[in-house]
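Only one structure is covered here, and it is reproduced in the block below.
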């Protein structure tokens, strides 16, 4: 009898233990699903500054001090994908009653690293110049593969249009600007105006247009499958682009082709500004892009900084001219100034 009782108690204990363990594992999995993916911090402002200082002794950091007359609203959720809340910051002129053009800013970092804080100085100066600057994050390749970032940023444009009244945005005049990987994304978003394939499946402001009326590409590639492209060299390990697409260029060339803005130019493509470094592979396909734009009589501008590093938009002595060229272009195509 005692032996049977011992077995019964032991089995009961095992059943209860298994139930507790199962519940514990379920909680862990649920918490893990809600936890943010660890960020790749390989592309950061200060380390990039130090890296370039030896070759470019004139380089210096740009101040991030909110200009007088500019307001800031931070950490606004513009779209939620499951448990993931995508954030943006809005920099806007404090005074004035008339509506203003807006510009969505997209940071660089090889689709894998970087963050929106790297665009703070540029957003501040654009707001100081009479624009509503919407500085948005997006899911990187450590979190979601292509085309998730495109879907996110289209949602950011839709958010800007939906919240136009709160920030005095002219919904007919929204531009997108990006640096490096952000330039590639900005160009792709602008050349796919109205293309439902790139809108994504989220419900964020779905009934609002994601079309933009101007594109500013700061050293972002226009084509992945192109003689000038340096993206996709996996000979020394997976390239940033391969990690973003989830496939090498040889494995899925059609996917790489699809992500090139050059392959989407049409009569509906908005005016484009290209500001480039001396590193030609960073703006692969640009000249062919301009030829296509010219065929459709779409306005474009090119400004190049001879001998400048790829990271020129983030540092002095190139930052102020980057702002100047950008504002002059936007004033021309969005405000009608000559």
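Here, each number is a calculation from the coordinates, and none is a lab measurement. Not measured: the values here are computed from a predicted model. Please note: Cβ atoms are built from the backbone with ideal geometry, for glycine as well, and neighbour counts cover all protein chains shown.
Summary table below
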read-out	value
Net length gained if the chain between residue 115 and residue 165 were fully extended (0.36 nm per residue, minus Cα distance)	15.3 nm
Estimated D of the chain in µm² per second, where Rh is the Kirkwood radius over Cα pairs and Stokes-Einstein applies at 4 °C, 1.567 mPa s	61
Relative contact order, percent, region 41-334 [alpha-carbon distance under 8 Å, six or more residues apart]	18
Projected label distance in nm at residue 206 and residue 64, using a 7 Å step from Cα toward the beta-carbon	3.6
Per-peptide average of other Cβ atoms within 10 Å, ordering 126-135, 174-183, 261-270 highest first	174-183, 126-135, 261-270
Cα gyration tensor shape for region 123-249, rounded if a/c is under 1.5, else prolate or oblate	prolate
Spacing of the two label points (7 Å from each Cα toward its C-beta) at residue 295 and residue 236, in nm	3.7
Virtual spin-label span in nm between residue 172 and residue 50, 7 Å along Cα→Cβ	5.1
Nearest-ten-degree value, helix 181-191 long axis tilted from longest Cα axis of the chain	70
Full-stretch length increase - residue 304, residue 41 - with 0.36 nm per residue and alpha-carbon distance subtracted	91.8 nm
Extension gain, residue 320 back to residue 98 (0.36 nm per residue minus Cα-Cα distance, nm)	77.3 nm
Computed log₁₀ I(q)/I(0) - Debye formula, equal Cα scatterers, no solvent, region 265-338, q 0.12, 0.13, 0.16, 0.26 Å⁻¹	-0.36, -0.43, -0.64, -1.19
